[in-house]
Amino acid sequence: MANTSDIRKGLCIVFNNDIYKVIEFLHVKPGKGPAFVRTKLKSITTGKVVDNTFSAGHKIDEVRIETRKFQYLYQDDNGFHFMNNEDYSQIYISKELVDNSEFMKEGEEVTIQLKAEDQTPMSVELPQYVILEVTHTEPGVKGNTATNATKPATLETGAQVNVPLFINEGDKIRVNTDDRSYSERVKE
């Protein structure tokens, strides 16, 4: 049993007879009244996001989680297939458990959180930054670079991100998977 002071991003808890992962939290100490923790929770089974406020000192049931490195193999109609880097066993994970899956390319290493008791996959975390090639983008217009102008670009995985005007087809860029944004151009 844990309490509200143990709440952190990525913590998995039992809430309303389901397992939820904390994706955002804020400890609030108002001038009047008791302290509380405002959270945004994502259901592991359904992917539904709910807001909840816990009063200070509230007891929560924590779920023990193990993290392991897996290699992304391929996608089929129902979800994704991964291989454990230690024992080479393969697991299948449904699409709902993978955030920002459009940034995964085959062979990429990801971190999978597993429930410690029965090794049930809970979520898949991509690296914070991935390097992908731009497969399609419109050419930049000369003289339009005085401001931070951007244009849409399609990446090798099919994902769309906005990039600066100087990025061309064939360039490799670093993309932040948390906020789906362009970070920098990568020189090889």
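The values are calculated or read from the model by the stated rules, or taken from the named source; none is laboratory data. A quick note: this is a predicted structure, and the numbers were derived from the prediction, not measured. When we count neighbours, we look across all protein chains shown, and the Cβ atoms used for this are built from the backbone with ideal geometry, even at glycine. The area values use the complete protein model at the heavy-atom level, side chains included, leaving out ligands, DNA and RNA. Shrake-Rupley method; radii C 1.70, N 1.55, O 1.52, S 1.80 Å.
Tabulated data for the structure shown
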| quantity | calculated |
| --- | --- |
| Sum of side-chain charges, Met83 neighbourhood, beta-carbon under 15 Å (Lys, Arg +1; Asp, Glu -1) | -3 |
| Pair Gln160, Tyr88: separation of 7 Å Cα→Cβ label points (nm) | 4.2 nm |
| Solvent exposure of the range 1-158 as accessible area per residue, Å², 1.4 Å probe | 60 Å² |
| Loop-located GluC sites (Glu not before Pro) in the range 1-73 whose Cβ has at most 11 other Cβ within 10 Å (DSSP) | none |
| Note, ³J(HN,Hα) from phi for the range 162-173, Karplus 6.51, -1.76, 1.60, rounded to Hz, x at Gly and Pro | 8, 10, x, 5, 7, 6, 10, 4, x, 6, 9, 10 |
| Of Glu108, Glu156, Glu86, the one that fluctuates the most in a GNM where the chain has Cα springs shorter than 10 Å | Glu86 |
| Amide H partners (placed H, <5 Å) of Phe15, local residues excluded | Tyr20 |
| Nonlocal amide H pairs with Ile60, under 5 Å, H built at 1.01 Å | Ala2, Asn3 |
| From phi via Karplus (6.51, -1.76, 1.60), per-residue ³J(HN,Hα) for the range 91-101 in Hz, x at Gly/Pro | 10, 10, 10, 5, 4, 5, 8, 10, 7, 6, 5 |
| For semi-axes √(5λ) of the Cα gyration tensor in Å, calculated from these coordinates, the label among [x] 36, 25, 12; [y] 36, 17, 13; [z] 22, 18, 16 | [x] |
| Amide H within-cut-off set for Val163, under 5 Å, with H built and near neighbours excluded | Lys151, Ala153 |
| Calculated from backbone phi, Karplus (6.51, -1.76, 1.60) coupling profile of the range 35-41 in Hz, x at Gly/Pro | 6, 8, 10, 8, 10, 10, 10 |
| Accessible heavy-atom area order of Ser123, Ser55, highest first, probe of 1.4 Å | Ser55, Ser123 |
| Accessible area (Å², 1.4 Å probe, nearest 10) - Arg174 | 70 Å² |
| Around Ile60: net Lys/Arg minus Asp/Glu count, Cβ-Cβ under 12 Å | -1 |
| Computed over the chain: relative contact order in percent, which uses C-alpha pairs under 8 Å that are six or more apart | 14 percent |
| Qualifying chymotrypsin sites (Phe, Trp or Tyr not before Pro) for the range 41-118 [loop in DSSP, other Cβ within 10 Å: at most 10] | Tyr88 |
| Cross-link pairs beyond the 20 Å C-alpha cut-off, checked among Lys21/Lys95; Lys21/Lys48; Lys95/Lys172; Lys9/Lys48 | Lys95/Lys172 |
